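Below you'll find the structure, written out as structure tokens, and then a few comments.
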Amino acid sequence: MRTEIFINEQSIDVGSEPIALNYSIADINKIQSRSTDFSRTITVPATSTNQQVFGFATDINSLSAKDQTQLLKARIEVNGIVVMTGLCKVKSIVSDPFGVLSEYKIEIKGGNGDWKESMNELELIDVDLSEGDHAYTKANITASWTNDYTDLYTYPLTNYGYEHIGNDAIKKQFTLNDFYPAVFVKPVFDKIFNDAGYQVISSFTNTNFFKKLIIPFTKEKFSNGSDEDLYLKAYKTSTDGVSFGAPYAGYGYSTSTDLIWEQADQRATDPPYALGTGHYTCKKDIHLKVSSRLFLLDIADTPRVRYSLIKKLNGTSTEVVLKKGIEELSGADEHYVGLDYEGSFENGDEIYVRVAMDTPNIDDGVCRIETDSEFIITPTNKIPFGATIELSKQLPDMTQLEFVQMLKEHFNLYFYTDVNEKKIYIEPHPDFFSNISESVDWSDKLDVSKPPEISYISVAKKTFIYTQKPDSGDVLLEEYEKEKEAIYGEHKVDVKNVFANGEQKVEVKAVSPTIMREDTARGLGNTLIPTLWKDLPEDDNVPDRNIKFNTRMWYYDGENSTEGTNSFKIIDEDGNETSNAEYGAAFTGYTTDGAMQFADVGGELGFYQKYYGLQQKLYDESRILKANFHLTPLDIANLNPRKLIKLGENFYYINKISNYTPGASNTTTVELLLYVGNYVPVTS
């Protein structure tokens, strides 16, 4: 048989070394590291042909030399039949004792390897969700409650705590600041694979359940990225002053003054503050924290002084007082006063500090503003009301591959990549395999001269623990663990092997569970909503708001006026109450179609029963058959891990194929798992 290797569509010289290939389909003993990848390190001679393909690696002046970071397209053919398609990289070069290049060691990886490599190099926020970008307004927030995955986003009702502002009646309502955008999982998932050049073939990812999954907002800052270049810290290096009545001798003060800051620390190439003006000009719609610290000195006659933070609206003469204070000065001591404000500003708005005389105690009071007074403006990186939200920037900080891995672990997904057709078949383990009617009969390929080995699955652990990533920042999860002496949402199961002992943890490493509870402080006594708290409440049953948590994934059911609903009001950006809104039991665990945790909840099946139960059934009931087969290149070319293998009257899953050597007379070792029938979940 003629074995050929093509690198970037160029045939290379393979030498006389036999090429043995391994195919790891779904190793039953490696739940979380399973794959349908196959790889091999091959040594090829450094012929002139191969040096042309891989570059002249020993020539320091070569511009074509391939290093370990460059991935090349690879294909292995046997008698013209493709038995492996994937990627290749140069692992090392080998020289003879005289320093002459003699060999290349190359690694060829097939199966899922090519798309995994590309996704691992891209961040999740690199996914283009620009069609879901939208203005941060009350109208879009409330309208999103009826959105589905085709709209890309929604604003789910979530209890992050609240801001202690306003009177009791106000602070117990929701404000727009309580709502953060969540992104639907399906469009992100689809776009990742589309960008990698693959079509996803999956029943699971087209179910109503998958279409309703969302990734809620859990980042430290609600922003479109950093605006740190618009930071300002300005100082006074000379004095200013105000007086009442005639100017005080030697000072020439006016009744009021907008402070001039003579020195400024700025980072922008087009700075927002121009020295000598005293005014900071917003370069975009932006959310800012503004503060000023003033040193005031009584020069004469104990004046009373007003000081204010002023915003002048873009393109107008209209001034808005953001914060103000009054200070009664007495004696020669400096008086230290401050102003702080946080809020949204529009492009072109101006911000400045004004000091003026209040009604004085006597006719000629004089105040001096001392050096070292300061004016600081810090972008919060929060998105201001009315500004455009860049949806992709609200996704968690992880790579695209980590996102896919997260879903794989959540739902025990199996992947089969048809590289030639650029298709990926994805299903949860119980649904991954085809019906026995589509099985492939290998009965006549069995090497009967070598008796097969039959063994139990080598599971050494007695107890399997199915769990999610802990979140030490979520006080409700911690309190649950203390009170119940158990991990929220965790599921434990014992194998039937009485000789096994110890535990093995199967963990979804990227996502934490979420406790659902009523929000009685805001009148939602009948509606269970996701609750994320950093601290236990000190008053009114709701603690301060905090939004930074581990990544979560929720099932979003939208508005529902029929199941356990309450009315609630929202305070808009102008402080006005909206009309009452109906909001239902919006998240899983309390709806038909799935608890978002491993344990069963309220009669609903958890992740374990739905997605990992077949795996456990294999541990308890299946056997491993290790046998040798006469496999042809066509058998390997047509290998489909989704199809069962038929031997006599029994059916098997493919577990591993070891050392398939094209053209060799020896047979190939194959590990098969006895098919144990369909899996039917049972509620615990």
* Going by accessible area, probe 1.4 Å, with all protein chains left in place, what is the ranking of Glu262, Glu427, largest first? -> Glu262, Glu427
* Using a basic spin-label model with each label point 7 Å from the Cα along Cα→Cβ, how many nm lie between Tyr336 and Asn497? -> 6.9 nm
* Of Val321, Val419, which has the most accessible area and how do the rest follow, probe 1.4 Å? -> Val321, Val419
* What GluC sites (Glu not before Pro) does the stretch 96-147 have in DSSP loop regions with at most 14 other beta carbons within 10 Å? -> Glu121
* Pairs beyond 22 Å (Cα-Cα), from Lys219/Lys534; Lys233/Lys312; Lys283/Lys311; Lys191/Lys382; Lys492/Lys646; Lys284/Lys324 -> Lys191/Lys382; Lys492/Lys646; Lys284/Lys324
* To do: For every other residue with a beta carbon closer than 12 angstrom to the beta carbon of Phe189, add +1 if it is Lys or Arg and -1 if Asp or Glu, then tell me the sum.
  => +2
* Sparsely packed trypsin sites (Lys or Arg not before Pro) within the stretch 371-426, loop by DSSP, other Cβ within 10 Å at most 16 -> Lys422
* **Environment charge at Asp471 (Cβ cut-off 9 Å; Lys +1, Arg +1, Asp -1, Glu -1)** => 0
* Structure fact -> Taking r as the C-beta separation of Asn208 and Lys289 and R0 as 25 Å, the FRET efficiency to the nearest 0.05 is 0.05
* In square nanometres, what is the average projected area of the Cα convex hull of the stretch 459-520? -> 5.4 nm²
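The values are calculated or read from the model by the stated rules, or taken from the named source; none is laboratory data. Since we're looking at a predicted model, the values are computed, not measured. Here the Cβ is made from the backbone with ideal geometry for all residues, glycine too, and neighbour counts use every protein chain on show. Please note that ligands, DNA and RNA were not included when accessible areas were found on the heavy atoms of the full protein model with its side chains. Shrake-Rupley method; radii C 1.70, N 1.55, O 1.52, S 1.80 Å.
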